[in-house]
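Take a look at the structure below.
The values are calculated or read from the model by the stated rules, or taken from the named source; none is laboratory data. Treat the numbers as computed from the prediction; the structure is a model and nothing was measured. Cβ: placed from backbone, ideal geometry, glycine included. Neighbour counts: every protein chain shown. Accessible surface is based on the protein model in full, side chains and every heavy atom, while ligands, DNA and RNA are left aside. Shrake-Rupley method; radii C 1.70, N 1.55, O 1.52, S 1.80 Å.
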Amino acid sequence: MSEEPKPILIGEKPDVCELDRARLALMNPQVIEQKREERTFEETAKPFIELTMREGIETVWDRFEMQQPPCKFCAQGLSCARCAMGPCKIIPPNRIRGVCGADADLIVARNLLDTIATGAAAHSDHGREIVLTLYGIGEGTVTDYAITDPEKLRRLAAEYGLDTSGKQDKQVAGELARAMLEEYGTVRNTLQIAQRAPKATRDIWEKAGIAPRGIDRDVVDAMHRIQMGVAADYANTLTHGLRVSLSDGWGGSSLATEISDVLFGTPRPNESLVNLGVVKKDHVNISLHGHNPMLSEMVVKAAKDPGILARVKEVGAAGINLVGLCCTGNELLMRKGIPNAGNHFNQELVITTGALEAMVVDYQCIFPSLPRTASCYHTHIISTSSKSKIPGSLYFAFEPENAYATAKAIVRMAVENFPNRNKDRVFIPVEPVKVMTGFSVEAIQGALGGTWKPLIDLIAAGTIRGAVGIVGCNNPKVKHDFGHVTLSKELIKRDILCVETGCAAIASGKAGLLQPSAASLAGPGLRGVCTSLGIPPVLHMGSCVDNARILHLAAELGNALNVGIHRLPLAGAAPEWYSQKAVSIGAYFVASGVYTVLGVMPKITGSPAVVSLLTEGLKGAVHASFAVEPDPLKAADLITAHIERKRTELGI
Ligand code: SF4
Ligand code: MSK
């Protein structure tokens, strides 16, 4: 029997808690009360935020305050540190060019292209790891995973033109994975999966010179352009940003979503619970945080291991309680109904329950400071990706080839940590909220009876005015969850269906909007539809890469009507975005023809030309644009006006 994997400590475990506490615990009770209300809109997060301030445990909001005021040139996108002749800042009237001669427009555009390419690379690299696992199954080198949705495997294989007759799933898996891996750096310079987009949309891409060519090609092209002395024209630079983003949305992210479904199951409507109240006092609690479902799915399996469960009893716990966070949490919530402890800004708070034995992380959206937070408790921070070795964490070198053994070692480590818990510090004063999730494109079509006609008829009749994809993160520039929840509530009231992913979806879940009973908050048309189908007015469609599901849904509707996506009464919104990935998502929404409203201003205001291109100029090229509106009620007005305009143009 091979030995169970052992972790290594990355760097040193921090011992900073007392220091932070001495500094932060100086706040007086009125200040604590005021900040608690200012920091979050989520009622169930408030007691935990208050606790952090009373006990002097540093959080994202404290660090945000420490960073104020920000550099105003950086905030406008006017600083550049790309080469060793700089760093440079544009400070009119005298400093209007960097040392190389780049002006404000170019510096802003290059910074934005860098941001889009970073986000696109992150999503798509995640996708590559999923596809490589499928490839390993085909090759026989990966044995811990299986094909859970063989029907989808074969449907995708047919889409890629593969002959599957008489072949075992394993062989089909290998052939499909190889075809998909070729999408990353294809010499064809087209993406098979992007052929799902309506022809009119693909024609727009061709005409604008932004048809996606594959993530490796387009990201490397972007990195080449931002090298000093290459990109010189801001508009040309940003045009490539749209192309990179399309390679993400219709490429890397789509592959991540589709093959995750093949491996772990295509989501179907299911019920679960969300918020910090999902942590259980008498259980070994393990939170699963990040984005990639590969490890977390295996942890779910390992948590049922009889040997480990016997040990759970010996340490005096009632069981093992797995809880998700952020998008790894969304993946588990959608497919397995595993409860979710919250979104981005709940990641530190879940540690303050005092009942978390381990936080297991893969990558993306993980605060590097988590080991500092954990140093105030007994919680282990367990990192698992070679890309994301966090100082102060215990690191397991997770690979698909050692998946189950690693997952078991992690769960065992959490169980052994249970006796180290200080029972006097356990603090879970809130009850979880029920949610209904699992709305994949297949599930929505299934609920409609297998065809899009009923939905199209409802939209044409005006019973549902249109649909909006609300996506993205939390950002301390916005009160936690306020943007997501306020916008969602306002839109459903106006009979606009909301489809949500990522932290936006979790925010709606915590606010009760992912329950069928939330139909009572919707306008009469949407309320009637939701009530008859028994679904919520806000549909949870998954994680950040699952924004591809929103694209595919839009494509299905466009194809059914034989029109480009830009002609549909649809919109996108990212009320609290922070991440580079969110910029890529916004860019591929717009490049696909979806008007998108951001709640946080990107770092572009240093160039009126860039602002004008993104908010107006793009309409000429892709028939869609960005808008920025921090007030969610005003954002709802912009979205409603756009949807009504599209309805009029369609003659409905
Ligand atoms: Fe300055 Fe140009 Fe170098 Fe940027 S690329 S740091 S603007 S010299
Ligand atoms: S986790 S990218 S904070 S949605 Fe996908 Fe949430 Fe944004 Fe990360």
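Below is a table of values for the structure above.
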| item | result |
| --- | --- |
| Hydrodynamic radius of the range 105-264 per Kirkwood, over alpha carbon pairs, in Å | 16.4 |
| Within the accessible area of the range 105-264 (1.4 Å probe), percent carbon and sulfur | 50 |
| Dipole of the chain [Lys/Arg +1, Asp/Glu -1 at C-beta], most positive-end residue of ILE96, THR328, TRP250 | ILE96 |
| Mean separation of Cα contacts under 8 Å, 6 or more apart, over the residue count of the range 105-264: relative contact order % | 42 |
| Amide hydrogen neighbours beyond the local backbone of GLY342, cut-off 5 Å, H modeled | ASN275, CYS326 |
| Length released on extending from MET27 to ARG425, taking residue separation times 0.36 nm less the Cα-Cα span | 141.2 nm |
| Estimated inter-spin distance, TYR404 and THR605, nm [label 7 Å along Cα→Cβ] | 5.6 |
| Ordering of 636-645, 471-480 by burial proxy (mean other Cβ atoms within 10 Å per residue, highest first) | 471-480, 636-645 |
| Shape call, the chain: gyration tensor on alpha carbons, a/c limit 1.5 | rounded |
| Charge dipole magnitude, Cβ of K and R +1, D and E -1 - the chain, Cα centre, debye nearest 20 | 740 |
| Karplus-derived HN-Hα couplings along the range 604-609 (A = 6.51, B = -1.76, C = 1.60, θ = phi - 60°), whole Hz, x at Gly and Pro | 10, 5, x, 10, x, 5 |
| Links that overshoot a 25 Å alpha carbon limit, given the list LYS152/LYS493; LYS46/LYS489; LYS336/LYS434; LYS6/LYS581 | LYS152/LYS493; LYS6/LYS581 |
| Residue-normalised accessible area of the range 191-278, given per residue in Å² at a 1.4 Å probe | 32 |
| Helical mean residue ellipticity (222 nm; -39500 (n - 2.57) per DSSP H run of 4+; nearest 500) of the chain | -14000 deg cm²/dmol |
| Extreme residue, positive dipole direction of the chain, given options ALA504, ILE147, ALA461 (C-beta unit charges) | ALA461 |
| Listed residues ILE565, ALA443, ALA120: farthest to the positive end of the dipole of the chain (Cβ charges) | ILE565 |
| Anisotropy class of the range 514-566 from Cα gyration tensor, a/c 1.5 cut | oblate |
| Backbone HN-Hα couplings from phi across the range 139-152 [Karplus 6.51/-1.76/1.60, Hz, Gly and Pro as x] | 7, x, 8, 10, 10, 7, 10, 9, 7, 8, 10, x, 5, 5 |
| Where labels lie 7 Å past Cα in the beta-carbon direction, separation of CYS74 and GLU206 in nm | 4.5 |
| Length-normalised contact order for the chain - Cα pairs under 8 Å, 6+ apart - percent | 18 |
| Residues ASP631 and HIS224, FRET efficiency given R0 of 25 Å [Cβ-Cβ distance, rounded to 0.05] | 0.05 |
